[in-house]
Amino acid sequence: MNILILGGGGREHSLAWAVMQNPKCDKLIVAPGNAGIAMIADCAALDIENGGAVASFAVENNIEFVIIGPEAPLAAGVADRLRDAGLLVFGPSQAAAKLEASKAFTKEICDAAGAPTAAYGHFTDAASAKAYVHREGAPIVVKADGLAAGKGVIIAETVAEAEAAIDDMFGGAFGGAGAEVVIEEVMRGEEASFFVLCDGTDVLPIGTAQDHKRAGEGDTGPNTGGMGAYSPAPVLTDAIADKALSEIITPTMEEMTRRGTPYQGVLYAGLMIEDGQPRLVEYNVRFGDPECQALMMRLGAQAFDLMHACAEGRLAEARVNWADDHAMTVVMAAKGYPGSYEKGTLIGGLDALPEDSFQMMFHAGTTEQDGRITASGGRVLNATARGATLQEARDRAYAMIDQVDWPQGVCRRDIGWRTL
Ligand code: AMP
Ligand code: GLY
């Protein structure tokens with residue numbers, strides 16, 4: 001089968017790595033890809049948010065199956081354009097991608113489905129948003145409705161802070177994403193991520209994970225896209241996962257189908273768990289980055305069969321062959337990330353790294369020039385490893401990091417600390 005993956009980060013490198021191991025893969029193209037992906041697949045420069053351009057490219061290259069990595073093309077309706085062109089696609093329609101693209105939409109679906117989540121209000125003007133904050137008091141969470149690259153959520157400790165966030169959002173600090181605002185109750189507990197495949201009818205769990213969003217050790221400092229993750233997440237026990245499925249995810253999927261917009265693809269449920277009860281924090285309509293790297297390390301080649309079965313509506317007959325293992329991914333970032341950082345710095349030592357089913361250095365933001373690998377993003381490398389225990393996975397991941405010669409690279413040394 002000829003396969004196209006859209007995206008160019010560590011998530012897509014790990015997806016490409018898993019797909020390439022499957023004997024059903026004849027040809028793999030990744031657009032745009034990165035220097036690490038280019039070592040295992042063909043890369044193509046393509047505007048992946050332009051559905052027409054992606055569809056033409058796929059048809060010209062005899063692509064039979066398209067896997068969409070990031071949320072932006074999904075929110076832009078690229079999956080719809082590809083299906084219109086007769087292609088098999090892994091990823092939700094634009095209408096179903098609203099589960100990530102609009103927080104107000106997700107809250108409305110939770111109401112209709114009776115799914116436990118934080119109490120909230122939805123506002124289109126600052127005055128009524130502030131009146132709600134005055135009534136509810138602080139702490140309180142203020143969220144831009146739309147996609148804001150993880151930056152549109154403010155946990156306000158005081159009413160004044162919440163008011164400032166409301167003014168920022170309606171003032172255009174998040175562009176169109178802040179034209180509407182959701183204000184919600186602060187939930188307490190421990191966060192974990194639950195990944196399931198949905199084909200519009202059936203739901204298949206494919207793993208749990210926890211990530212570290214803060215830049216600094218001990219989970220301090222500014223928020224980032226994620227500095228590391230591990231799978232499974234011990235806090236998401238089987239009993240809690242069953243509750244999340246029956247009380248949150250399945251009712252959500254049924255509501256989407258009832259509305260005529262069935263969901264097909266991976267659904268990433270961010271959960272807050274307190275006293276054995278999961279509540280929904282948010283949905284994402286894609287794999288997490290870097291959570292995907294840990295999941296792919298555990299699933300390996302079967303990840304392709306599962307995504308393929310999902311796209312063909314065959315999840316009822318699909319099974320995950322679980323190994324009793326653990327995986328961890330540690331992000332190496334350019335010094336200064338998530339603030340300003342230098343680009344183009346040289347990375348050495350990558351050639352000597354072991355690459356097998358227990359360890360892979362996935363590339364997130366790299367470029368190749370004359371055979372030399374340089375950093376071209378904030379999050380640059382993802383040392384990803386698997387082991388019989390989380391400690392073993394951790395030790396393998398950090399052993400890879402210690403072999404990398406990149407003076408401008410930094411990482412957190414404490415990924416997994418909650419569990420270890
Ligand atoms: P979101 O983009 O909705 O996932 O929010 C980003 C992060 O903000 C989440 O991963 C949580 O850590 C935090 N967060 C969002 N909503 C709440 C809430 N209602 N209570 C507590 N923390 C929250
Ligand atoms: N690592 C968090 C995310 O992908 O949204």
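Checked against (1) among the hydroxyl-bearing types (Ser, Thr, Tyr); (2) free of Cβ contacts under 8 Å to residues at least 40 places away in the same chain; (3) within 16 Å of ligand 2 (Cβ to nearest atom), Ser193 passes all but condition (2).
Restricted to helices (runs of 4 or more DSSP H) entirely inside the stretch 219-300, those with at least 2 residues that are in contact (Cβ under 8 Å) with a residue 40 or more places away in the chain, more than 16 Å from ligand 2 (Cβ to nearest atom) and charged (D, E, K, R) are 250-258. If you go through the stretch 111-150, how many residues are of a type in the set (Lys, Arg) and within 9 Å of ligand 1 (Cβ to nearest atom)? So the answer is 1. Residues of the stretch 398-420 that are within 18 Å of Thr374 (Cα to Cα) and surrounded by 14 or more Cβ atoms within 10 Å (Cβ to Cβ): Met400, Ile401, Gln403, Val404, Trp406, Gln408, Gly409, Val410, Cys411. For Asp80, indicate whether it is farther than 17 Å from Val182 by Cα, of a type in the set (D, E, K, R), at pLDDT 95 or above and within 24 Å of the chain's Cα centre (by Cα). Considered against the rule, which asks whether it is farther than 17 Å from Val182 by Cα, of a type in the set (D, E, K, R), at pLDDT 95 or above and within 24 Å of the chain's Cα centre (by Cα), Asp80 comes out as yes. Pairing residues of the stretch 169-184 that are within 15 Å of Ala149 (Cα to Cα) and modelled with pLDDT of 85 or more with residues that are of a type in the set (A, V, I, L, M) and assigned to a helix (DSSP H, G or I), at Cβ distances under 9 Å and at least 6 apart in sequence or on separate chains, gives Met169/Ala126; Met169/Ala129; Met169/Ala177; Ala173/Ala165.
Do we find a residue being free of Cβ contacts under 8 Å to residues at least 12 places away in the same chain and surrounded by fewer than 16 Cβ atoms within 10 Å (Cβ to Cβ) anywhere in the stretch 352-368? Within the stretch 352-368 (the criterion being free of Cβ contacts under 8 Å to residues at least 12 places away in the same chain and surrounded by fewer than 16 Cβ atoms within 10 Å (Cβ to Cβ)), the answer is yes, since at least one residue qualifies. Taking the stretch 58-136 as the region of interest, the helices (runs of 4 or more DSSP H) fully inside it that hold 2 or more residues being farther than 28 Å from Met272 by Cβ are 78-84. Scanning the stretch 135-173 for residues that are within 16 Å of ligand 2 (Cβ to nearest atom) and either in contact with a Pro (Cβ under 6 Å, 6 or more places away or on another chain) or of a type outside the set (A, V, I, L, M) (or both) turns up Lys143, Gly146, Gly150, Lys151, Gly152. Being farther than 30 Å from Ala239 by Cα, within 16 Å of ligand 2 (Cβ to nearest atom) and charged (D, E, K, R) is a property that does not hold for Lys130. For Glu180, the conditions (1) surrounded by fewer than 20 Cβ atoms within 10 Å (Cβ to Cβ); (2) acidic (Asp, Glu); (3) away from ligand 2 (no atom under 16 Å from the Cβ) all hold with the exception of (1). Can you name every residue in the stretch 155-170 that is in a strand (DSSP E or B) and crowded, with 18+ Cβ neighbours inside 10 Å? Listed by number, the list holds a single entry, Ala156.
In the stretch 10-21, the residues that are assigned to a helix (DSSP H, G or I) reach residues that are within 16 Å of ligand 2 (Cβ to nearest atom) and basic (Lys, Arg) with C-beta atoms within less than 9 angstrom, at least six apart or across chains, in these pairs: Gly10/Arg379; Arg11/Arg286.
Restricting attention to the stretch 171-201 and to residues that are part of a helix (DSSP H, G or I) and in contact with a strand residue (DSSP E or B) (Cβ under 7 Å, 6 or more places away or on another chain), the residue that is farthest from Ala311 (Cα to Cα) turns out to be Gly178. Looking at Ala97, Ala149, can you tell me which residue is closer than 19 Å to Glu71 by Cβ and crowded, with 22+ Cβ neighbours inside 10 Å? Criteria check complete, one pass: Ala97.
Pairs meeting the criteria (first residue in the stretch 99-124 and among the aromatic types (Phe, Trp, Tyr), second residue away from ligand 2 (no atom under 16 Å from the Cβ), beta carbons under 6 Å, at least 6 apart or on different chains) are Phe105/Lys98; Tyr120/Lys107; Tyr120/Val182; Tyr120/Glu184; Phe123/Ala129; Phe123/Val181.
The values are calculated or read from the model by the stated rules, or taken from the named source; none is laboratory data. Everything numeric in this text was worked out from a predicted model, so none of it was measured. Because the Cβ atoms are built from the backbone with ideal geometry, glycine has one as well, and the counts that use them run over all protein chains shown.
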